[in-house]
1. Would you please name the residue that is surrounded by the most Cβ atoms within 10 Å (Cβ to Cβ), looking only at residues in the range 645-679 that are within 37 Å of the chain's Cα centre (by Cα) and of a type in the set (Gly, Ala, Ser)?
2. Please determine whether any residue of the range 244-261 is charged (D, E, K, R) and at pLDDT below 80.
3. Say whether the condition of being assigned to a helix (DSSP H, G or I), more than 21 Å from Lys547 (Cβ to Cβ), touching a helix residue (DSSP H, G or I) at 6+ places or on another chain (Cβ under 8 Å) and among the β-branched types (Val, Ile, Thr) is met by at least one residue in the range 396-416.
4. Could you look through the range 130-169, keep only residues that are among the acidic types (Asp, Glu) and outside any loop (DSSP other than H, G, I, E, B), and pick out the one that is nearest to Asp31 (Cα to Cα)?
5. Of everything in the range 629-644, what is more than 15 Å from Met585 (Cβ to Cβ) and buried (at least 23 other Cβ atoms within 10 Å of the Cβ)? Give them in sequence order.
6. Where in the range 1-91 are there helices (runs of 4 or more DSSP H), lying fully within it, with 2 or more residues that are more than 21 Å from Thr219 (Cα to Cα)?
7. Would you kindly identify the strands (runs of 3 or more DSSP E) lying entirely within the range 529-639 that contain at least 3 residues that are among the aliphatic types (A, V, I, L, M) and within 26 Å of Lys651 (Cα to Cα)?
8. Given (1) touching a Gly at 6+ places or on another chain (Cβ under 9 Å); (2) without any contact (Cβ under 8 Å) to a residue 40 or more places away in the chain; (3) assigned to a loop (DSSP other than H, G, I, E, B); (4) of a type in the set (D, E, K, R), where does Lys697 come up short, assuming only one miss?
Amino acid sequence: MAGHIIAVVGGKGGVGKSVFSANFTVAFTQDFRVRPLLIDADLQSLGDQSLILNLNPPKTIVDISKIQGPMDSKSVGPFLASSPVGFSFAGAPRDSISAREFDLEGYGKFLKAATQIFPLVVVDCGSSMDAHTLRTFEHSTAIFVLTTADVIVLNQTKRVLNKIQELLFPPEMVQIILNRYSQTSLITPPMIQKNLNRPLFGAVPEDVATCDGALAKSTPLCLSAPSSAVARAYHDIVRKIQQTNLLETLARLKKPSGVAGKAAGSLAAGASGVGTAAEGSSARPDQASMDAWTAMKLRIHRSLVDQMDLKKMNTDIKDVKERAILREKTQKVVLDILGVEDTAGLLPTRELKAQMLKEVLDEALALGPLEDLLSDDSVTEIMVNSRDQIYIEKAGRPALSTVNFSSIEQMRTIIDRVLMPLGRRVDENTPYVDARLLDGSRVHVIIPPLALRGPTITIRKFPKKRIQSSDLVKYGSATEEIMDFLRLCVEARLNMVVSGGTGSGKTTLLNVLSNFIPATDRIITVEDSAELQLGQSHVVRLESRPKNIEGEGEVSIRDLIKCCLRMRPDRIVVGECRGGEALDMLQAMNTGHAGSLTTLHANNPREALGRLETLVMMAGLGLPLKAIRETISSAVNLVIQQSRMSDGTRKITYVSEITGIQGDVISLQDIFIYKQEGLDKNRKIIGRYVPTGFVPKFVEEMEAKGLRIQRSLFTAKAAS
C-alpha cells in the first residue's frame, strides 16, 4: 500500500515549521515503530533541518532530483541519511548556487517513488508558494499550515490559505497547526479559528528554554526533553492523525490535475517553464482559454519528462540529423500523451493540436518562446528586457513582440540550455556572460542582482545564409565599386580596421572582408564568442574563455593573439579589440602578418584612431603617446566606418587611408564618404557615395603586385 505525504508550510517565515517537521517525524517514529522519511525542501533555508537533526546526508535533494532512470530504494537509499532514532532524511542544498540546479521534474519522480518506499513522508516546504512547494502539494495527502498567535503571521497565513484555495486544492487537505501557543496570549485559539475560518487541528505550546536547549544540542526536543509539554503535544498530534484516520480519509479526495502547474506559471515560478503564443500564431486559443491551454501544456511536459527522462538526455545535439531523430522520437511520445490529456476537448482541430505539439517540442528541445522569433528571418535582433517584455528588431526598427516567458524559471532553463554546450555559466559570482547559438548568433545574458527586472537576454541573429558582398550592395550598404575596391585591398594584404557603433554591422562587414582572403592563406580568427563564418578551409578558430567558479582558468583575447603568433598565421582576424590586445594586434601587423583585420567601437575614423590609442595604453606598458601613434600609423592602412542610420539601415559611411604621421598627429585621408541628402516620404534616408578625389598612396603598390584598379574610381563625380 502506498504511503502518505504531509507537506508542512509556514504561514510566514520564522513560525517554526522546520522544528515542527523534525519533531513531528521523531514522534511518529517513536509511536508507530516504522521508518518515515523527512525531506528538507526549503531551498531558502539552505540546510537548517540538518542543523536541527545533526544529520548530514551524503547528497541533497538536488542530487536526488538528478537521478537518472527509475527511482527505488536501491537508487535513492545512498542519497539519504539514517537517524539512530529510525527515520531517513533527505537534506536541502547548503548554498544558493546548488539550489539553482534543482530539477523539478526529477523531484516529482522522487516524491512518487518515496510513497512506495516509506509509509509516511514529511516535507518541510518553507514559507513561499513557489514551484517546488506546489509540486509537493500535488503529491501530498495533507497540507499542514503552521501559524502563531501573532497578527502579522495570521495575516500572512490567510494569504497562504487563499492561494491554496485559489489553486483548487480540496480544503479538507489543509490542517492548521498553532505553534508556540501561550495561554497568556491575547489572541486565543477561538479568535484564530474565526480569523482563518478554519478549525485548529493541533497546538504546540511555547517553551522557549526547552526549544533553545534542544537546538543548542542539535537534537529534536522529542528526544532531548521527551517528558516536556511540547514533546507531549507532538505525540498528541500524531495520535490524533491515527485516531481520526485522517490520512486514509484525505487520500480518497480527488485533486484537480494540472492546477498546481498552471499556478506555477502565473506566479512566475513554473516548474519546467512554458511559453506563450508565438508571434503571428493564428492557431492559438483566445485569451479566455489561455489558462486551460497552459495547464494542459504543463501536464504534457511533465508526462513527457516522466516517460523519456528528457531532462537527463542530451538535447544540445549539433548534428542536424541527430536533432531531427530526437525531435521525431519526442514527437511520437507527445502525440500519445495528447490523446490521453485532451479529455476536455481543448484541441478540437488539427491546427490546435499542431500548435500544442510545436510549443511542447520547442520548450523540451529548443529555446521555447524564442524559437519562432529565431526562425523568423525578418527578425534581426531579440531583446528580452524582462520575463514579460521582449522587443525584436525588424528592418532596423525595434518593436514589442507578442511573445513572452511565463516564468523566471523558464528563462533560466533556456539560458542554461544555451550556455551548457559552451562550458560557460552565469550565477551570482558571474552575473553576465557572452555566448552563441548553434547558428553563430551572438547571445548576451545578464542576471540579478545586476539586472533589476530579472534575467535579460540579448540575441543578435546571424542570417542563415552567409552575407556576401553582393548582399551589401543590394541592401545599399555600399556600392559595387567600393566593394571591389575593398576586395583588392584585402588581396593586397592591407591592414584594415572596421569601426562603428553597437549594432552598426561591424561584424557582418568583417565577415565579408574576411571572405575576400585567398583560400591559400592560413587564417586564424580570435573572438570572445565565435561568430565569424569564413568560407575558406585553411582556418583555425580560437575563442576566449572566462574564469571558472574558482576564479581561475581565464584565457583572454590578448593571450590568444600571443598564441596565434606561434601558429604560423598568414592572416589574423580579431573579432573586436576592447583592451590591451590592441597593442599585440598592431605589433602583429607590423611584424610579418600583413593583411590582418579587426573591429573596434568608434563613431568616425578620427575617433577610431583616438580609441585605438586608448586601447594600446590599456596594455599597461607606459608607452609614450608619440610612439603609440607611430605604431598605429605604420601598422594600419585603412579605416572603414560602418554606421547605423536613423532609418535603421546600415551603411559604410567612410573609407579612409592612414597616410602617415605629421608631428604628433596621425594623417587621415577620406577616400569615399556617404553623403546624406534627405528623406523620402517613408522617412528613408536618401544619399549617395561620393569619392573625395584623393588617390590612396597604396594604389601604386597594388598595381606593382599586378592588381589592376581604375583611377577613375577616385575621380568620378558620384559612385551611385
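1. In this case the residue turns out to be Gly648.
2. Taking every residue of the range 244-261 in turn, at least one turns out to be charged (D, E, K, R) and at pLDDT below 80.
3. yes
4. The initial filter retains those residues of the range 130-169 that are among the acidic types (Asp, Glu), namely 130, 138, 150, 166.
Okay, now just the ones that are also outside any loop (DSSP other than H, G, I, E, B), so 138, 166.
Details: Glu138: 27, Glu166: 36 Å.
Top of the filtered list is Glu138.
5. Answer for the range 629-644, where residues must be more than 15 Å from Met585 (Cβ to Cβ) and buried (at least 23 other Cβ atoms within 10 Å of the Cβ): Ile640, Gln641, Gln642.
6. Values: elements: 17-32, 48-53, 61-65, 73-76.
It comes to 61-65, 73-76.
7. Numbers: elements: 539-543, 571-574, 597-601.
Once the strands (runs of 3 or more DSSP E) in the range 529-639 are filtered for at least 3 residues that are among the aliphatic types (A, V, I, L, M) and within 26 Å of Lys651 (Cα to Cα), what remains is 571-574.
8. Going through (1) touching a Gly at 6+ places or on another chain (Cβ under 9 Å); (2) without any contact (Cβ under 8 Å) to a residue 40 or more places away in the chain; (3) assigned to a loop (DSSP other than H, G, I, E, B); (4) of a type in the set (D, E, K, R) one by one, Lys697 breaks only (2).
The values are calculated or read from the model by the stated rules, or taken from the named source; none is laboratory data. These numbers were taken from a predicted model, which means no experiment stands behind them. Cβ sites come from the backbone with ideal geometry, for glycine too, and all protein chains shown count toward neighbours.
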